[in-house]
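First up is the structure itself, then whatever we jot down about it.
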Amino acid sequence: PNSAFLATVYTGWEDIEKRGNAYIYDIVSNKCSVNLKGDTNNITAIVFSPDGELIATASNSWWRGKISKDYSCRIWEAQSGACKYVLEGHEDGVSHIVFS
């Protein structure tokens, strides 16, 4: 909404502690303002809600050729980074998400 924030995800294989992390950067200060931790596999999609209050992430099922069975989407509070909801029940990894 105000274009002051940028969402990124860690897609590397080297640091297992960072796998599934997303980061929200304040582009004015050039600093990471929020670290979203909770997805148990690589995040394949991330999107802000139209009002900028929420962030949705989607996780896939593969990590180094191993299936993790994390076929979830998570809804986060953009300001605090608190996970509000975990949407489970997908039959495979989730590759796209969008708010209406």
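The values are calculated or read from the model by the stated rules, or taken from the named source; none is laboratory data. Note that the structure is a prediction, hence the values are computed from the model and not measured. Methodologically, a virtual Cβ is constructed for each residue, glycine included, from the backbone with ideal geometry; neighbour enumeration extends over all protein chains shown. Heavy atoms of the whole protein, side chains included, go into the accessibility calculation; ligands, DNA and RNA do not. Shrake-Rupley method; radii C 1.70, N 1.55, O 1.52, S 1.80 Å.
Applying the set (1) at positive phi; (2) touching a strand residue (DSSP E or B) at 6+ places or on another chain (Cβ under 6 Å); (3) at pLDDT 90 or above; (4) not aliphatic (A, V, I, L, M) to N30 leaves exactly one unmet item: (2). Give me the residue from segment 56-100 that is open to solvent by less than 60 Å² (accessible area, probe 1.4 Å), β-branched (V, I, T) and not in a strand (DSSP E or B) and, out of that set, modelled with the lowest pLDDT. That would be V94. Considering only residues in segment 17-27 that are crowded, with 16+ Cβ neighbours inside 10 Å and among the aliphatic types (A, V, I, L, M), the one that is modelled with the highest pLDDT turns out to be I24. The residue of segment 11-27 that is farthest from the chain's Cα centre (by Cα), among those that are within 19 Å of I55 (Cα to Cα) and assigned to a loop (DSSP other than H, G, I, E, B), is I27.
Got at least one residue in segment 38-47 being at pLDDT 90 or above and either within 14 Å of the chain's Cα centre (by Cα) or in a strand (DSSP E or B) (or both)? Checked against the condition, which is being at pLDDT 90 or above and either within 14 Å of the chain's Cα centre (by Cα) or in a strand (DSSP E or B) (or both), segment 38-47 yields at least one hit.
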